[in-house]
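Everything below concerns the one structure shown next.
The values are calculated or read from the model by the stated rules, or taken from the named source; none is laboratory data. Note that the coordinates shown come from a computational prediction; the quantities given were computed from them, not determined experimentally. For neighbour counting, all protein chains shown are included, and Cβ atoms are generated from backbone atoms with ideal geometry for every residue, glycine included.
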């Protein structure tokens, strides 16, 4: 059975991998943004990048909420108070 510490470590590792991947995608967005010409195409790209960032924020929040619920369940299972 997974211990509370193992669960926290696994969750932290998963969140760290997610954040590192998003940081990499943000660098790619920055390159795309700075290499695009100004005008209508640039404005469309800015909107697209904003949508990508919002989706990433939602995904990270969802992962964090999932982790919190999983941790609360494990703590209840083990009879541990927060």
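Annotations
- Check on residue 52, surrounded by 11 or more Cβ atoms within 10 Å (Cβ to Cβ), in a helix (DSSP H, G or I) and touching a helix residue (DSSP H, G or I) at 6+ places or on another chain (Cβ under 8 Å): yes
- Sole residue being in contact (Cβ under 8 Å) with a residue 60 or more places away in the chain and more than 12 Å from the chain's Cα centre (by Cα), chosen from 45, 49, 71: 71
- Taken together, 41, 30, 81 contain a single residue that is part of a helix (DSSP H, G or I) and at pLDDT below 95, which is 41.
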